[in-house]
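Here's the structure, in structure tokens; my notes come after.
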Amino acid sequence: MVALVIVVGVMLVRGVLQIPVLAAEGAGTYGTATTTTYAFAGAVIAIVATALLHLLLLFMPRPMQFFYWIAALVTAVAVLLPFTFSAQWEAQIATAAINLVAGVCLMSILGSIGSSSVLPDEGGYPTGRM
């Protein structure tokens, strides 16, 4: 899902907004193999986040709180990362926006799945005990 969000975001930015993200302007709407690598990295991050959520659900007292904090901080790093590279200002902003949308999508989907997997404890707080 995250890989598809990244591909759609790159195609939107390159094709509609005409901002050369991840490749030179003449590379077309999809770009180059760099777009594929970017999408593949997003898919790997989604799998790692799913594994992290599973571990948190098994071993943490309030797993969703931990998951949302970790996912939000990783998303913040992904949003700030494009500004550490030398590129056009528009490309940096567009890449940061794609990373933000991908991170929010990942958090919302895994968060809703994780929230439906937890049982409340005696105090009414969700626990990781399934």
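The values are calculated or read from the model by the stated rules, or taken from the named source; none is laboratory data. Just so you know, these numbers come straight off a predicted model, no measurement behind them. In this analysis, Cβ positions are derived from the backbone assuming ideal geometry, glycine residues included, and neighbour counts consider all displayed protein chains. We work out accessible area using only protein heavy atoms, side chains counted, and drop any ligands, DNA or RNA first. Shrake-Rupley method; radii C 1.70, N 1.55, O 1.52, S 1.80 Å.
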* Structure fact -> Of the candidate values (1) -0.50, -0.94; (2) -0.74, -0.96; (3) -0.52, -0.84, the one computed for log10 I(q)/I(0) by the Debye sum over Cα atoms at q = 0.12, 0.17 Å⁻¹ from this structure is (3)
* Using a 1.4 Å probe, how large is the accessible area of THR84, given in Å² and rounded to the nearest 10? -> 100 Å²
* Structure fact -> For SER117, placing the label point 7 angstrom along Cα-to-beta-carbon and taking the stretch 30-58, residues whose amide nitrogen sits under 15 Å are 46-58
* In the chain, carbon and sulfur make up what percent of the accessible area (probe 1.4 Å)? -> 75 percent
